[in-house]
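The values are calculated or read from the model by the stated rules, or taken from the named source; none is laboratory data. What you see is a predicted model; the values in this text were computed from it and never measured. Positions of Cβ are backbone-derived with ideal geometry, glycine not excepted, and every protein chain shown enters the neighbour counts.
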(Lines give C-alpha, C1' and ligand atoms only; values in the text may rest on other atoms or scores of the structure.)
Protein backbone atom coordinates (compact mmCIF):
# COMPACT_ATOMS: atom_id res chain seq x y z
CA UNK A 1 0.00 0.00 0.00
CA UNK A 2 3.01 2.29 -0.13
CA UNK A 3 1.73 4.01 -3.28
CA UNK A 4 -1.35 5.27 -1.43
CA UNK A 5 -1.23 8.52 0.54
CA UNK A 6 -1.03 8.08 4.28
CA UNK A 7 -4.21 9.01 6.13
CA UNK A 8 -4.09 11.62 8.85
CA UNK A 9 -5.13 10.06 12.16
CA UNK A 10 -8.06 11.94 13.67
CA UNK A 11 -10.19 10.46 16.43
CA UNK A 12 -13.67 11.75 15.77
CA UNK A 13 -16.55 12.32 18.16
CA UNK A 14 -20.02 10.96 17.49
CA UNK A 15 -22.51 13.83 17.46
CA UNK A 16 -25.27 12.91 19.91
CA UNK A 17 -28.87 13.02 18.75
CA UNK A 18 -31.49 13.75 21.39
CA UNK A 19 -33.76 10.79 22.15
CA UNK A 20 -37.39 11.35 21.23
CA UNK A 21 -40.62 9.52 21.81
CA UNK A 22 -42.79 8.16 19.03
CA UNK A 23 -46.13 9.63 20.07
CA UNK A 24 -48.24 10.22 16.97
CA UNK A 25 -49.59 13.59 15.85
CA UNK A 26 -53.24 13.65 14.87
CA UNK A 27 -53.87 14.73 11.30
CA UNK A 28 -55.93 17.71 12.44
CA UNK A 29 -53.29 19.35 14.59
CA UNK A 30 -51.37 22.28 13.16
CA UNK A 31 -47.61 22.35 12.91
CA UNK A 32 -47.26 24.90 15.66
CA UNK A 33 -49.63 23.12 18.04
CA UNK A 34 -47.67 19.89 17.57
CA UNK A 35 -44.47 21.66 18.50
CA UNK A 36 -45.96 23.54 21.44
CA UNK A 37 -47.10 20.29 23.02
CA UNK A 38 -43.80 18.54 22.32
CA UNK A 39 -45.44 15.92 20.12
CA UNK A 40 -43.18 14.02 17.74
CA UNK A 41 -44.40 13.55 14.19
CA UNK A 42 -44.82 9.81 13.64
CA UNK A 43 -45.90 7.67 10.70
CA UNK A 44 -48.59 4.98 10.55
CA UNK A 45 -46.15 2.50 12.14
CA UNK A 46 -45.19 4.94 14.93
CA UNK A 47 -41.76 5.70 13.48
CA UNK A 48 -40.64 9.29 14.23
CA UNK A 49 -39.52 11.62 11.45
CA UNK A 50 -35.96 12.44 12.45
CA UNK A 51 -33.66 12.58 9.40
CA UNK A 52 -33.96 14.50 6.14
CA UNK A 53 -31.92 13.50 3.09
CA UNK A 54 -31.71 16.13 0.38
CA UNK A 55 -30.56 15.23 -3.13
CA UNK A 56 -29.05 18.45 -4.45
CA UNK A 57 -28.28 17.12 -7.95
CA UNK A 58 -29.08 14.10 -10.10
CA UNK A 59 -25.68 14.33 -11.82
CA UNK A 60 -22.52 12.47 -10.90
CA UNK A 61 -18.93 12.26 -12.14
CA UNK A 62 -18.86 8.45 -11.64
CA UNK A 63 -21.04 5.68 -13.05
CA UNK A 64 -21.09 3.16 -10.22
CA UNK A 65 -22.69 -0.01 -11.50
CA UNK A 66 -25.01 -0.37 -8.50
CA UNK A 67 -26.31 3.21 -8.71
CA UNK A 68 -25.94 4.82 -12.16
CA UNK A 69 -25.06 2.09 -14.69
CA UNK A 70 -23.48 3.72 -17.73
CA UNK A 71 -25.64 1.85 -20.21
CA UNK A 72 -28.62 3.77 -18.79
CA UNK A 73 -26.98 7.01 -17.64
CA UNK A 74 -24.98 7.59 -20.83
CA UNK A 75 -24.38 10.70 -22.93
CA UNK A 76 -27.97 10.54 -24.15
CA UNK A 77 -29.54 10.43 -20.69
CA UNK A 78 -31.79 13.41 -19.99
CA UNK A 79 -30.82 14.87 -16.63
CA UNK A 80 -33.08 17.43 -15.00
CA UNK A 81 -32.79 20.94 -16.49
CA UNK A 82 -31.60 23.61 -14.08
CA UNK A 83 -35.03 25.26 -14.00
CA UNK A 84 -36.55 22.14 -12.46
CA UNK A 85 -34.04 21.87 -9.63
CA UNK A 86 -34.90 23.44 -6.32
CA UNK A 87 -32.90 26.63 -5.85
CA UNK A 88 -30.65 26.93 -2.81
CA UNK A 89 -33.17 29.31 -1.24
CA UNK A 90 -36.00 26.84 -1.82
CA UNK A 91 -33.97 24.02 -0.27
CA UNK A 92 -33.30 26.10 2.84
CA UNK A 93 -36.97 27.07 3.15
CA UNK A 94 -38.10 23.45 2.94
CA UNK A 95 -35.37 22.33 5.34
CA UNK A 96 -36.51 24.96 7.86
CA UNK A 97 -40.03 23.50 7.72
CA UNK A 98 -38.64 20.04 8.45
CA UNK A 99 -36.61 21.34 11.38
CA UNK A 100 -39.73 22.99 12.84
CA UNK A 101 -41.37 19.56 12.60
CA UNK A 102 -38.64 17.80 14.56
CA UNK A 103 -35.89 16.89 12.08
CA UNK A 104 -32.48 17.09 13.75
CA UNK A 105 -30.19 15.68 11.05
CA UNK A 106 -29.90 16.77 7.42
CA UNK A 107 -27.73 14.90 4.93
CA UNK A 108 -26.85 16.34 1.52
CA UNK A 109 -26.60 13.71 -1.19
CA UNK A 110 -27.01 13.28 -4.93
CA UNK A 111 -25.84 12.32 -7.49
CA UNK A 112 -22.58 13.83 -6.34
CA UNK A 113 -23.36 16.85 -4.13
CA UNK A 114 -20.00 18.52 -4.79
CA UNK A 115 -21.12 18.97 -8.40
CA UNK A 116 -23.88 21.34 -7.26
CA UNK A 117 -22.86 24.95 -7.71
CA UNK A 118 -22.96 26.88 -4.43
CA UNK A 119 -22.90 23.80 -2.20
CA UNK A 120 -20.76 25.58 0.41
CA UNK A 121 -23.28 28.44 0.59
CA UNK A 122 -26.06 25.91 1.04
CA UNK A 123 -24.20 24.24 3.91
CA UNK A 124 -23.69 27.62 5.53
CA UNK A 125 -27.39 28.50 5.35
CA UNK A 126 -28.47 25.08 6.62
CA UNK A 127 -25.99 25.16 9.49
CA UNK A 128 -27.62 28.40 10.68
CA UNK A 129 -30.94 26.62 11.26
CA UNK A 130 -31.91 26.05 14.88
CA UNK A 131 -34.37 23.66 16.47
CA UNK A 132 -37.26 24.85 18.59
CA UNK A 133 -35.03 24.42 21.62
CA UNK A 134 -32.25 26.49 20.06
CA UNK A 135 -29.94 23.60 19.20
CA UNK A 136 -27.89 23.42 16.02
CA UNK A 137 -28.90 20.94 13.31
CA UNK A 138 -26.45 18.20 12.34
CA UNK A 139 -25.46 18.82 8.70
CA UNK A 140 -23.79 15.85 6.98
CA UNK A 141 -22.87 14.96 3.42
CA UNK A 142 -22.31 11.81 1.37
CA UNK A 143 -19.75 12.17 -1.44
CA UNK A 144 -17.67 9.94 -3.70
CA UNK A 145 -14.68 12.02 -2.60
CA UNK A 146 -13.21 12.67 -6.04
CA UNK A 147 -13.69 16.46 -5.72
CA UNK A 148 -13.31 16.63 -1.96
CA UNK A 149 -9.63 17.51 -1.54
CA UNK A 150 -10.06 21.09 -2.73
CA UNK A 151 -13.40 21.62 -0.95
CA UNK A 152 -13.02 20.00 2.47
CA UNK A 153 -11.81 23.05 4.39
CA UNK A 154 -14.44 25.33 2.84
CA UNK A 155 -17.17 22.82 3.73
CA UNK A 156 -15.94 22.65 7.31
CA UNK A 157 -15.75 26.45 7.51
CA UNK A 158 -19.32 26.65 6.18
CA UNK A 159 -20.59 24.46 9.01
CA UNK A 160 -20.57 20.90 7.73
CA UNK A 161 -20.70 18.56 10.73
CA UNK A 162 -19.30 15.37 9.16
CA UNK A 163 -18.90 13.54 5.87
CA UNK A 164 -19.33 10.02 4.53
CA UNK A 165 -17.18 9.04 1.55
CA UNK A 166 -18.05 6.17 -0.78
CA UNK A 167 -15.01 3.99 -1.56
CA UNK A 168 -15.52 0.44 -2.79
CA UNK A 169 -11.91 -0.71 -3.25
CA UNK A 170 -8.26 0.24 -2.80
CA UNK A 171 -7.15 -1.71 -5.85
CA UNK A 172 -7.24 0.72 -8.77
CA UNK A 173 -8.64 -1.72 -11.34
CA UNK A 174 -11.40 -2.93 -9.04
CA UNK A 175 -12.26 0.64 -8.01
CA UNK A 176 -12.53 1.70 -11.63
CA UNK A 177 -14.64 -1.35 -12.45
CA UNK A 178 -17.06 -0.61 -9.60
CA UNK A 179 -17.26 3.09 -10.48
CA UNK A 180 -17.07 2.51 -14.25
CA UNK A 181 -14.74 5.48 -14.48
CA UNK A 182 -11.13 6.54 -14.88
CA UNK A 183 -11.10 8.22 -11.48
CA UNK A 184 -8.23 7.22 -9.21
CA UNK A 185 -8.27 5.76 -5.73
CA UNK A 186 -5.60 8.28 -4.76
CA UNK A 187 -7.93 11.20 -5.53
CA UNK A 188 -10.49 9.80 -3.09
CA UNK A 189 -7.87 9.08 -0.42
CA UNK A 190 -6.53 12.61 -0.83
CA UNK A 191 -10.05 13.93 -0.27
CA UNK A 192 -10.43 11.82 2.86
CA UNK A 193 -7.11 13.08 4.23
CA UNK A 194 -8.11 16.68 3.48
CA UNK A 195 -11.39 16.18 5.34
CA UNK A 196 -9.50 14.87 8.36
CA UNK A 197 -7.08 17.80 8.27
CA UNK A 198 -10.07 20.15 8.19
CA UNK A 199 -11.42 18.48 11.32
CA UNK A 200 -14.36 16.70 9.72
CA UNK A 201 -15.31 13.32 11.20
CA UNK A 202 -15.18 10.81 8.33
CA UNK A 203 -16.94 7.53 7.63
CA UNK A 204 -16.33 5.31 4.61
CA UNK A 205 -19.11 3.37 2.88
CA UNK A 206 -18.02 0.29 0.93
CA UNK A 207 -20.73 -1.38 -1.16
CA UNK A 208 -19.74 -5.05 -1.40
CA UNK A 209 -20.62 -7.05 -4.50
CA UNK A 210 -19.75 -10.74 -4.61
CA UNK A 211 -17.30 -11.65 -7.35
CA UNK A 212 -16.33 -8.02 -7.95
CA UNK A 213 -14.85 -6.36 -4.85
CA UNK A 214 -15.40 -8.83 -2.01
CA UNK A 215 -11.70 -9.65 -2.20
CA UNK A 216 -11.04 -6.08 -0.97
CA UNK A 217 -12.84 -6.50 2.36
CA UNK A 218 -9.78 -7.37 4.43
CA UNK A 219 -7.54 -4.88 2.66
CA UNK A 220 -10.02 -2.08 3.37
CA UNK A 221 -10.41 -3.17 6.99
CA UNK A 222 -6.64 -3.21 7.53
CA UNK A 223 -6.12 0.13 5.78
CA UNK A 224 -8.60 2.02 7.96
CA UNK A 225 -7.71 0.44 11.29
CA UNK A 226 -6.13 2.93 13.69
CA UNK A 227 -7.15 5.95 11.59
CA UNK A 228 -10.19 7.15 13.57
CA UNK A 229 -12.28 6.46 10.45
CA UNK A 230 -15.29 4.15 10.66
CA UNK A 231 -15.44 1.80 7.67
CA UNK A 232 -18.98 0.63 6.97
CA UNK A 233 -19.77 -2.33 4.75
CA UNK A 234 -22.99 -1.89 2.76
CA UNK A 235 -24.88 -4.85 1.37
CA UNK A 236 -25.48 -4.56 -2.37
CA UNK A 237 -29.12 -3.46 -2.64
CA UNK A 238 -31.86 -3.56 -5.26
CA UNK A 239 -32.19 0.23 -5.41
CA UNK A 240 -33.79 1.69 -8.52
CA UNK A 241 -34.75 -0.41 -11.50
CA UNK A 242 -31.59 -0.48 -13.60
CA UNK A 243 -28.70 -1.99 -11.61
CA UNK A 244 -29.45 -5.63 -12.47
CA UNK A 245 -29.52 -6.72 -8.82
CA UNK A 246 -29.54 -10.42 -7.99
CA UNK A 247 -29.41 -11.94 -4.52
CA UNK A 248 -26.45 -14.15 -5.43
CA UNK A 249 -24.23 -11.05 -5.60
CA UNK A 250 -25.05 -9.96 -2.05
CA UNK A 251 -22.37 -10.66 0.56
CA UNK A 252 -24.29 -10.96 3.87
CA UNK A 253 -23.16 -8.72 6.70
CA UNK A 254 -22.65 -11.70 8.99
CA UNK A 255 -20.16 -13.20 6.54
CA UNK A 256 -18.13 -10.00 6.53
CA UNK A 257 -18.07 -9.76 10.32
CA UNK A 258 -16.94 -13.36 10.60
CA UNK A 259 -14.21 -12.82 8.01
CA UNK A 260 -12.76 -9.76 9.76
CA UNK A 261 -13.21 -11.16 13.25
CA UNK A 262 -11.20 -14.26 12.35
CA UNK A 263 -8.13 -12.01 12.06
CA UNK A 264 -9.10 -9.04 14.21
CA UNK A 265 -11.63 -10.02 16.90
CA UNK A 266 -14.70 -7.79 17.01
CA UNK A 267 -17.13 -6.97 19.81
CA UNK A 268 -20.64 -5.56 19.19
CA UNK A 269 -21.47 -1.99 20.19
CA UNK A 270 -24.81 -0.40 20.97
CA UNK A 271 -26.39 2.07 18.53
CA UNK A 272 -25.09 5.62 18.93
CA UNK A 273 -28.49 7.24 18.27
CA UNK A 274 -32.17 6.55 17.67
CA UNK A 275 -32.87 5.20 14.19
CA UNK A 276 -29.26 4.34 13.36
CA UNK A 277 -29.23 1.92 10.41
CA UNK A 278 -25.68 0.64 10.81
CA UNK A 279 -24.80 -2.04 13.32
CA UNK A 280 -21.52 -1.20 15.06
CA UNK A 281 -18.55 -3.41 15.90
CA UNK A 282 -15.36 -2.45 17.76
CA UNK A 283 -11.96 -4.03 17.29
CA UNK A 284 -11.14 -5.82 20.53
CA UNK A 285 -7.59 -4.45 20.38
CA UNK A 286 -8.80 -0.82 20.38
CA UNK A 287 -7.99 -0.14 16.71
CA UNK A 288 -11.36 1.53 16.05
CA UNK A 289 -14.67 0.26 14.77
CA UNK A 290 -16.52 -0.89 11.67
CA UNK A 291 -20.18 -0.73 10.72
CA UNK A 292 -22.62 -2.85 8.74
CA UNK A 293 -25.57 -1.57 6.70
CA UNK A 294 -27.49 -4.76 6.02
CA UNK A 295 -30.69 -3.68 4.31
CA UNK A 296 -31.04 -7.09 2.63
CA UNK A 297 -30.24 -9.68 5.32
CA UNK A 298 -30.86 -7.72 8.55
CA UNK A 299 -33.67 -5.34 7.68
CA UNK A 300 -34.34 -2.23 9.76
CA UNK A 301 -37.56 -0.84 8.26
CA UNK A 302 -39.17 -0.82 11.72
CA UNK A 303 -36.58 1.72 12.87
CA UNK A 304 -36.28 3.87 9.74
CA UNK A 305 -36.70 7.58 10.52
CA UNK A 306 -35.66 8.96 7.11
CA UNK A 307 -37.55 11.07 4.61
CA UNK A 308 -36.08 12.09 1.25
CA UNK A 309 -36.34 15.28 -0.78
CA UNK A 310 -35.53 14.82 -4.47
CA UNK A 311 -33.55 17.21 -6.60
CA UNK A 312 -36.76 18.72 -7.99
CA UNK A 313 -38.59 19.00 -4.69
CA UNK A 314 -40.61 15.80 -4.41
CA UNK A 315 -40.90 13.84 -1.17
CA UNK A 316 -40.20 10.12 -0.87
CA UNK A 317 -40.64 8.11 2.30
CA UNK A 318 -38.53 5.11 1.25
CA UNK A 319 -35.29 4.51 -0.65
CA UNK A 320 -37.15 1.84 -2.63
CA UNK A 321 -40.17 4.02 -3.46
CA UNK A 322 -42.00 3.87 -6.77
CA UNK A 323 -43.72 7.25 -6.61
CA UNK A 324 -43.55 10.56 -4.80
CA UNK A 325 -45.68 11.27 -1.77
CA UNK A 326 -45.81 15.06 -2.22
CA UNK A 327 -44.58 17.80 -4.57
CA UNK A 328 -43.15 20.61 -2.48
CA UNK A 329 -41.76 22.50 -5.47
CA UNK A 330 -45.31 23.03 -6.71
CA UNK A 331 -46.22 24.54 -3.34
CA UNK A 332 -43.10 26.68 -3.22
CA UNK A 333 -43.58 28.11 -6.69
CA UNK A 334 -47.33 28.35 -6.28
CA UNK A 335 -46.96 30.97 -3.54
CA UNK A 336 -48.07 28.73 -0.69
CA UNK A 337 -47.19 29.53 2.91
CA UNK A 338 -44.72 27.80 5.21
CA UNK A 339 -47.70 26.41 7.12
CA UNK A 340 -49.04 24.86 3.90
CA UNK A 341 -45.65 23.26 3.31
CA UNK A 342 -45.61 22.00 6.88
CA UNK A 343 -49.07 20.47 6.50
CA UNK A 344 -47.96 18.69 3.29
CA UNK A 345 -44.97 17.23 5.13
CA UNK A 346 -47.11 16.18 8.08
CA UNK A 347 -49.64 14.47 5.84
CA UNK A 348 -46.91 12.70 3.86
CA UNK A 349 -45.21 11.28 6.95
CA UNK A 350 -48.34 10.39 8.92
CA UNK A 351 -49.59 8.24 6.04
CA UNK A 352 -46.26 6.44 5.62
CA UNK A 353 -46.45 2.64 5.70
CA UNK A 354 -43.26 1.73 3.78
CA UNK A 355 -41.41 -1.45 4.76
CA UNK A 356 -40.01 -2.66 1.45
CA UNK A 357 -37.02 -4.57 2.82
CA UNK A 358 -39.28 -6.55 5.16
CA UNK A 359 -41.42 -7.73 2.23
CA UNK A 360 -38.69 -7.91 -0.43
CA UNK A 361 -39.14 -11.65 -0.99
CA UNK A 362 -42.89 -11.21 -1.47
CA UNK A 363 -42.65 -8.44 -4.06
CA UNK A 364 -39.31 -9.16 -5.77
CA UNK A 365 -40.94 -10.99 -8.69
CA UNK A 366 -43.62 -8.35 -9.23
CA UNK A 367 -43.08 -5.69 -11.90
CA UNK A 368 -41.80 -2.56 -10.17
CA UNK A 369 -40.47 0.78 -11.33
CA UNK A 370 -38.49 2.01 -8.35
CA UNK A 371 -37.08 5.54 -8.31
CA UNK A 372 -33.35 5.67 -9.05
CA UNK A 373 -31.10 6.33 -6.06
CA UNK A 374 -29.21 9.12 -7.86
CA UNK A 375 -32.47 11.08 -8.01
CA UNK A 376 -33.58 10.78 -4.40
CA UNK A 377 -30.20 10.29 -2.71
CA UNK A 378 -28.74 7.24 -1.04
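Select from the range 283-295 the residues that are under 21 Å from the mean Cα position of the chain (by Cα) and part of a loop (DSSP other than H, G, I, E, B) and write down the one among them that is modelled with the highest pLDDT.
Start the filter on the range 283-295 by keeping residues that are under 21 Å from the mean Cα position of the chain (by Cα), which leaves 289-295.
From what's left, part of a loop (DSSP other than H, G, I, E, B): 294-295.
Details: 294: 83, 295: 78.
Looking at the filtered set, the residue picked out is 294.
Out of 46, 59, report the one residue that is in a loop (DSSP other than H, G, I, E, B), over 21 Å from the mean Cα position of the chain (by Cα) and under 23 Å from residue 317 (Cα atoms).
Numbers: 59 fails: over 21 Å from the mean Cα position of the chain (by Cα).
Just one listed residue meets the conditions, 46.
Within the range 296-328, track down each residue that is part of a helix (DSSP H, G or I) and either out of contact with any helix residue (DSSP H, G or I) (no Cβ under 7 Å at 6 or more places or on another chain) or more than 29 Å from residue 115 (Cα to Cα) (or both).
We begin by selecting, within the range 296-328, every residue part of a helix (DSSP H, G or I); these are 301-303, 328.
301, 302, 303, listed by residue number.
Restricting attention to the range 285-307, does a residue exist that is surrounded by fewer than 19 Cβ atoms within 10 Å (Cβ to Cβ) and without any contact (Cβ under 8 Å) to a residue 40 or more places away in the chain?
yes
Take the residues of the range 174-204 that are free of Cβ contacts under 8 Å to residues at least 24 places away in the same chain and outside any helix (DSSP H, G or I): which is surrounded by the fewest Cβ atoms within 10 Å (Cβ to Cβ)?
182
Give the residues of the range 86-143 that are in a helix (DSSP H, G or I) and under 15 Å from residue 313 (Cα atoms), sorted by residue number.
Going through the range 86-143, the residues in a helix (DSSP H, G or I) turn out to be 88-100, 113-115, 119-127.
Answer for the range 86-143, where residues must be in a helix (DSSP H, G or I) and under 15 Å from residue 313 (Cα atoms): 88, 89, 90, 91, 92, 93, 94, 95, 96, 97, 98.
Looking at (1) part of a strand (DSSP E or B); (2) touching a helix residue (DSSP H, G or I) at 6+ places or on another chain (Cβ under 8 Å), which is the one condition that is false for residue 155?
Just one mismatch for residue 155, condition (1).
Residue by residue, here is whether (1) surrounded by fewer than 14 Cβ atoms within 10 Å (Cβ to Cβ); (2) modelled with pLDDT under 90 holds:
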{"position": "309", "(1), (2)": "no, no"}
{"position": "324", "(1), (2)": "no, yes"}
{"position": "336", "(1), (2)": "no, no"}
{"position": "345", "(1), (2)": "no, no"}
{"position": "353", "(1), (2)": "yes, yes"}
{"position": "356", "(1), (2)": "no, yes"}
{"position": "360", "(1), (2)": "no, yes"}
{"position": "369", "(1), (2)": "yes, yes"}
{"position": "377", "(1), (2)": "no, yes"}
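Scanning for something free of Cβ contacts under 8 Å to residues at least 12 places away in the same chain and more than 30 Å from residue 216 (Cα to Cα), does the range 104-117 turn up at least one residue?
Of the range 104-117, the ones free of Cβ contacts under 8 Å to residues at least 12 places away in the same chain are 117.
Checking the rest, the ones that are also more than 30 Å from residue 216 (Cα to Cα) come to 117.
For the range 104-117, residues free of Cβ contacts under 8 Å to residues at least 12 places away in the same chain and more than 30 Å from residue 216 (Cα to Cα): present.
Hey, among 220, 259, which residue is at pLDDT 95 or above, crowded, with 20+ Cβ neighbours inside 10 Å, on the phi < 0 side of the Ramachandran plot and not in a strand (DSSP E or B)? Can you show your working first?
Values: 259 fails: crowded, with 20+ Cβ neighbours inside 10 Å.
Being at pLDDT 95 or above, crowded, with 20+ Cβ neighbours inside 10 Å, on the phi < 0 side of the Ramachandran plot and not in a strand (DSSP E or B) holds for just one of 220, 259, which is 220.
Looking at 85, 148, 122, can you tell me which residue is crowded, with 21+ Cβ neighbours inside 10 Å, within 20 Å of the chain's Cα centre (by Cα) and within 30 Å of residue 353 (Cα to Cα)? Break it down stepwise before answering.
On the way: 148 fails: within 30 Å of residue 353 (Cα to Cα); 122 fails: within 30 Å of residue 353 (Cα to Cα).
On inspection, the qualifying residue turns out to be 85.
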